[in-house]
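The values are calculated or read from the model by the stated rules, or taken from the named source; none is laboratory data. If you're wondering where the values come from, they're calculated on a predicted model, not measured in any experiment. Using ideal geometry, Cβ is built from the backbone for each residue, glycine included, and neighbour counts are taken over all protein chains shown.
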Amino acid sequence: MRKRTEHRIRIIPLGGLNEIGKNMTVVEVDDEIVVIDCGLAFPEDEMLGIDLVIPDVSYLVKNKEKVRALILTHGHEDHIGAIPYVLRDLNIPIYGTKLTLGLVEIKLMEFGIDLNSVKLFTVKAGDVISFNNMRVEFIRTTHSIADSVAIALHTPLGAIVHTGDFKVDFTPIEGEPIDLIRFAELGKQGVLALLCDSTNAERPGFTLSEKTVGATFDRIFSQAQGRVIVATFSSHIHRVQQVINSAEKQGRKICVLGRSMVNVVNKALELGYLKMPDGMLIDVDELENYPPNKIVLITTGSQGEPMSALSRMASAEHKKVGIIPGDVVIISAAPIPGNEKFVNRVINDLFKQGAQVIYEDIDDIHVSGHACQEEIKLIHNLTRPKYSVPVHGEFKHLIHHAKLAMELGEKNVFILENGKVLEITKDSAKVVGMVQAGNVLVDGLGVGDVGNVVLRDRRHLAQDGLFIVVLTIDSSTRDVIAGPEIISRGFIYIKESEPLIEEAKKVIKDVLYFCRKNDITEPNAIKVILKDNLKNFLFEKTRRNPMIIPIITEV
């Protein structure tokens with residue numbers, strides 16, 4: 001039996017490792033759990049029809065009596081996007097900075113969740129909240145969104161530092177620079193474990209300051225003869241502020257498009273994180289009252305999302321705004337891995353509409369919000385952790401981060417996977433097993449009801465199509481009363497494949513004769529034999545494997 005003085009810490013990533021997005025980390029100190037972030041990810045290409053991917057929180061549900069809080073580092077979707085789904089199973093207190101919780105409130109209202117039913121607690125950098133076995137400290141950082149913080153969990157065995165997403169920006173758009181002094185103080189006191197952002201661990205040097213984008217905007221805005229349309233992430237408040245600043249210098253009005261962009265801009269203005277002169281913001285219905293060279297539109301769609309405002313403008317499907325030849329469109333974001341083809345499609349469509357398109361490959365209209373190698377090294381050198389755990393990134397990012405840590409002389413570096421349990425005691429740290437973790441797929445209103453079997457069927461249908469056989473059989477004589485009728489979708493065009501259809505019907509009749517001759521009367525058994533014979537026949541004739549569905553009705 002464990003002695004009361006033998007403390008045990010378990011670090012369990014439930015998302016964000018070996019992937020981009022879906023960030024969620026569990027820290028368990030003895031009998032208490034805090035969760036850091038609760039994000040979503042975009043579906044991969046093979047996840048046909050899936051809207052979003054969120055973490056599997058089965059472990060937290062099983063241990064809900066231990067869960068004390070959800071701690072948020074910042075307000076990006078990959079860190080807060082899964083909250084409305086997770087709250088269905090875990091209505092736990094949520095702590096975050098003012099802007100972060102403002103964005104959470106927008107999401108909750110979109111889902112029809114009563115804000116009074118959710119326990120939201122606003123904190124600021126420097127604040128500390130206490131539980132029985134740990135204290136949670138919030139440390140100011142800089143990222144591509146305002147109000148970002150790192151987390152220091154003070155435990156009986158030492159501090160666990162989670163950087164969140166960060167970069168070292170000495171000239172941030174809003175607020176003060178990252179609090180490197182506090183990271184150094186923690187390092188002097190002794191950091192037990194460092195969980196550090198790995199997204200840019202492949203990139204040498206330093207990440208450029210966000211202010212460099214503002215200079216590019218100033219140049220483009222001053223040269224533009226028509227409207228300027230800027231697409232960026234709705235939560236990228238710093239980028240939006242720089243668009244406003246450049247528009248103000250050129251005497252242009254601002255119009256905001258896209259539901260999420262409108263919601264976030266309104267909330268940021270309300271909370272004071274965006275500053276805009278009175279009368280500068282106009283409604284979309286007022287655009288015709290101003291000449292094109294006095295307009296800037298800020299819109300969603302930087303990732304080529306099919307239903308975004310920019311995509312609908314590019315395809316001439318937006319109800320109120322069309323592309324005018326001479327428009328300058330700035331896509332101020334880097335494509336998330338996997339979204340490149342969607343972004344390229346939008347760029348091509350914009351060019352076809354007569355717009356001038358400016359994107360990352362041809363001008364400096366985007367800088368990363370994540371630390372490059374020298375900044376990662378700086379945080380490691382300041383904190384000097386006993387154990388290091390690279391987080392946030394694909395496997396290649398984690399590997400590069402681990403190499404950087406080892407070059408700095410760190411010997412205890414752990415590359416984990418989602419669900420792996422790193423247990424730390426007074427004298428050791430080791431991986432001790434796994435908990436349930438993985439992807440929960442969101443499809444429309446369904447959460448988790450689409451799994452691997454359904455995805456496999458969707459891929460099968462998408463690749464090879466559907467072949468349906470409909471029969472009606474006399475239950476007593478086993479004679480065919482109606483059919484066989486054949487329906488094909490995505491496999492062959494029946495009107496142009498009559499010889500194949502007739503041969504397939506002969507195969508079906510031969511199977512039915514075989515079943516009757518061998519006294520096989522069970523409908524399910526007949527279906528299996530039908531599927532096997534048709535599969536072999538269709539593959540021999542077409543070299544394709546459609547999904548075959550026999551439907552047998554007995555009367």
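Observations on the structure shown:
- The single condition among (1) surrounded by fewer than 16 Cβ atoms within 10 Å (Cβ to Cβ); (2) in contact with a strand residue (DSSP E or B) (Cβ under 7 Å, 6 or more places away or on another chain) that residue 171 does not satisfy is (2).
- The one condition in (1) in contact with a strand residue (DSSP E or B) (Cβ under 7 Å, 6 or more places away or on another chain); (2) of a type outside the set (Lys, Arg); (3) within 29 Å of residue 305 (Cβ to Cβ) that residue 213 fails to fulfil: (1)
- Of the numbered criteria (1) under 30 Å from residue 14 (Cβ atoms); (2) at pLDDT 90 or above, the one residue 353 fails is (1).
- Here 228, 264 are screened, and the one residue that is modelled with pLDDT under 95 and of a type in the set (Val, Ile, Thr) is 264.
- Within the stretch 244-274, the set of residues being among the hydroxyl-bearing types (Ser, Thr, Tyr) and more than 14 Å from residue 229 (Cβ to Cβ) comprises 260, 273.
- If you go through the stretch 204-235 and keep only what is farther than 17 Å from residue 357 by Cβ and of a type in the set (Ser, Thr, Tyr), you end up with 207, 209, 212, 222, 234, 235.
- Within the stretch 331-338, one or more residues are hydroxyl-bearing (Ser, Thr, Tyr) and under 29 Å from residue 208 (Cβ atoms).
- Scanning the stretch 213-238 for residues that are under 25 Å from the mean Cα position of the chain (by Cα) and either assigned by TED's automatic domain parsing to the domain that holds residue 144 or closer than 18 Å to residue 362 by Cβ (or both) yields a count of 5.
Results for (1) assigned to a loop (DSSP other than H, G, I, E, B); (2) more than 21 Å from residue 367 (Cα to Cα), shown as yes or no for each residue.
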| position | (1), (2) |
| --- | --- |
| 69 | no, yes |
| 73 | yes, no |
| 89 | yes, yes |
| 104 | no, yes |
| 109 | no, yes |
| 126 | yes, yes |
| 145 | yes, no |
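- Pick from the stretch 368-384, criterion outside any helix (DSSP H, G or I) and under 29 Å from the mean Cα position of the chain (by Cα), ranking: surrounded by the fewest Cβ atoms within 10 Å (Cβ to Cβ): 368
- One residue stands out among those in the stretch 389-415 that are under 25 Å from the mean Cα position of the chain (by Cα) and in a strand (DSSP E or B): the one that is farthest from residue 144 (Cα to Cα), which is 389.
- Filtering the stretch 392-435 to residues that are touching a Ser or Thr at 6+ places or on another chain (Cβ under 6 Å) and either among the hydrophobic types (A, V, I, L, M, F, W, C) or free of Cβ contacts under 8 Å to residues at least 24 places away in the same chain (or both) leaves 398, 405, 413.
- Residues being within 17 Å of residue 263 (Cα to Cα) and of a type in the set (Gly, Ala, Ser) - total across the stretch 63-83: 2
- For the stretch 319-347, a residue qualifies if it is surrounded by fewer than 23 Cβ atoms within 10 Å (Cβ to Cβ), part of a loop (DSSP other than H, G, I, E, B) and within 25 Å of the chain's Cα centre (by Cα), and the qualifying residues are 333, 334, 335, 336, 337, 338, 339.
- Selected residue (criterion: nearest to residue 249 (Cα to Cα)) from residues of the stretch 278-289 that are part of a loop (DSSP other than H, G, I, E, B) and either in contact with a Cys (Cβ under 9 Å, 6 or more places away or on another chain) or charged (D, E, K, R) (or both): 278
- So residue 126, is it of a type outside the set (Phe, Trp, Tyr), buried (at least 19 other Cβ atoms within 10 Å of the Cβ) and in the same structural domain as residue 93 (by TED's automatic domain parsing): no
- Residue in the stretch 212-229 that is crowded, with 16+ Cβ neighbours inside 10 Å, over 26 Å from residue 396 (Cβ atoms), among the polar types (S, T, N, Q) and without any contact (Cβ under 8 Å) to a residue 40 or more places away in the chain present: no
- Pairing each residue of the stretch 125-141 that is within 18 Å of residue 65 (Cα to Cα) with any residue that is among the polar types (S, T, N, Q) and assigned to a strand (DSSP E or B), provided the two are 6+ apart or on different chains, yields C-beta distances under 7 Å for 133/155; 134/155.
- Any hit, the stretch 513-523, residues being loosely packed, with under 13 Cβ neighbours inside 10 Å, under 16 Å from residue 466 (Cα atoms) and either in the same structural domain as residue 470 (by TED's automatic domain parsing) or modelled with pLDDT under 80 (or both): no
- Residue in the stretch 189-201 that is outside the structural domain of residue 321 (by TED's automatic domain parsing), under 30 Å from residue 402 (Cα atoms), in a helix (DSSP H, G or I) and out of contact with any Pro (no Cβ under 6 Å at 6 or more places or on another chain) present: yes
- Odd one out for residue 245 among (1) among the polar types (S, T, N, Q); (2) surrounded by fewer than 19 Cβ atoms within 10 Å (Cβ to Cβ); (3) not assigned by TED's automatic domain parsing to the domain that holds residue 279: (3)
- Within the stretch 249-270, the set of residues being surrounded by fewer than 18 Cβ atoms within 10 Å (Cβ to Cβ), over 21 Å from the mean Cα position of the chain (by Cα) and in a helix (DSSP H, G or I) comprises 249, 266, 269, 270.
- Counted residues, the stretch 271-281 - those being touching a strand residue (DSSP E or B) at 6+ places or on another chain (Cβ under 7 Å) and either among the polar types (S, T, N, Q) or surrounded by fewer than 16 Cβ atoms within 10 Å (Cβ to Cβ) (or both): 1
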